[in-house]
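Reviewing the structure listed below.
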Amino acid sequence: MISKLGLGSRTQAAKWVREGQVQVNGRVVKDPEFPVNPGADRIAVAGRGREEAPARLVVMLNKPRGLVTTTSDEQGRETVYKCFEGAGLPWLAPVGRLDKASEGLLLFSNDPEWAARVTHPASGPDKTYHVQIDRVPDAALLEKLEQGKDVDGELLCVKSARCLRSGEKNAWLEIVLDEGRNRQIRRLLSAFGIAVLRLVRVSIGRLQLGQLPSANWRVLTEQEIEALVGAG
């Protein structure tokens, strides 16, 4: 519940509970699994009540290649939170993810309900990627990507695929997904014997990455936030 209020991650919340910093209805609770009624119980973290939960905040980051999308990494790899160091932002959770080798538009928010609507496979906005591959595609290949292929018992496909530009040995594709599965583009292309050289997410719905420099971020306007869930 603490993470749903936007006060911290699940890991942080469990730590606060074990340290005795969390009260439910004025009583200290030290069990992270203690049941609460979100509609009736009063939750406070070190004296900070639920009514003091921060206002909704959404930021977009141009994720650099080489960072993992997680709050902490067991292997000691650098995470996307490196880009926010010293910014003084409240706790923000990734809205979806990009793998370590991928770049581009990545959202963060302290509103889990809004985030769930953005990432919902049926109603969430389309996501557009620019993908450099190790060959020049023909129309038949692009059609196959849209038709899909069974990969490890899972049908993977793209909503649309087109060639943006090509050279002698490689090309850039624009690929649109209307659902997000783990490493979906890489796995599908690999199933056709195609290697991904670069993968950049350039838009989520109508929100464009634009000219935001790598490793930089900006706060979204309320209009942009609502547009991502089809409101406003």
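The values are calculated or read from the model by the stated rules, or taken from the named source; none is laboratory data. Here the structure is a predicted model, which means the values were calculated and not measured. All Cβ positions, glycine included, derive from the backbone under ideal geometry; neighbour counts span all protein chains shown.
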- Query: Taking the range 112-143 only, how many residues are over 22 Å from the mean Cα position of the chain (by Cα) and either closer than 10 Å to ILE175 by Cα or surrounded by fewer than 17 Cβ atoms within 10 Å (Cβ to Cβ) (or both)?
  - Reply: 8
- Message: What are the pairs with Cβ atoms under 9 angstrom where one residue, in the range 4-30, is in a loop (DSSP other than H, G, I, E, B) and the other, located anywhere, is at pLDDT below 75 and hydroxyl-bearing (Ser, Thr, Tyr)? Sequence gap at least six, or different chains.
- Response: SER9/SER3
- Task: Would you point out the residue of the range 167-182, among those that are not in a loop (DSSP other than H, G, I, E, B) and not aliphatic (A, V, I, L, M), that is farthest from the chain's Cα centre (by Cα)?
- Result: TRP172
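Looking at the structure I just gave you, is VAL136 under 16 Å from SER102 (Cβ atoms), touching a strand residue (DSSP E or B) at 6+ places or on another chain (Cβ under 8 Å) and not hydroxyl-bearing (Ser, Thr, Tyr)? Talk me through it step by step, then tell me what you get.
Details: under 16 Å from SER102 (Cβ atoms): no; touching a strand residue (DSSP E or B) at 6+ places or on another chain (Cβ under 8 Å): yes; not hydroxyl-bearing (Ser, Thr, Tyr): yes.
Judged against the criteria, VAL136 is not a match.
Among the listed residues GLU19, GLU52, which satisfies the condition of being acidic (Asp, Glu), out of contact with any helix residue (DSSP H, G or I) (no Cβ under 8 Å at 6 or more places or on another chain) and modelled with pLDDT of 70 or more? Explain how you work it out, then say what you get.
Details: GLU52 fails: modelled with pLDDT of 70 or more.
Unique residue meeting the criteria: GLU19.
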- Message: Anything in the range 84-125 that is within 11 Å of VAL58 (Cα to Cα), assigned to a helix (DSSP H, G or I) and among the acidic types (Asp, Glu)? List them, or say none.
- Response: none
- Single residue of the range 183-211 satisfying the filter (in a loop (DSSP other than H, G, I, E, B) and basic (Lys, Arg)) that is surrounded by the fewest Cβ atoms within 10 Å (Cβ to Cβ): ARG206
- Would the range 151-166 turn up any residue that is without any contact (Cβ under 8 Å) to a residue 24 or more places away in the chain, under 18 Å from the mean Cα position of the chain (by Cα) and surrounded by 14 or more Cβ atoms within 10 Å (Cβ to Cβ)? no
- When LYS169 is evaluated against the numbered criteria (1) farther than 22 Å from GLY210 by Cα; (2) crowded, with 18+ Cβ neighbours inside 10 Å, which criterion, by number, is the only one it fails? (2)
- State which residue pairs qualify: first residue assigned to a helix (DSSP H, G or I) and inside the range 135-149, second residue of a type in the set (Val, Ile, Thr) in any location, beta carbons under 7 Å apart, and separation of 6 or more residues or different chains. LEU145/VAL158; GLU146/VAL158
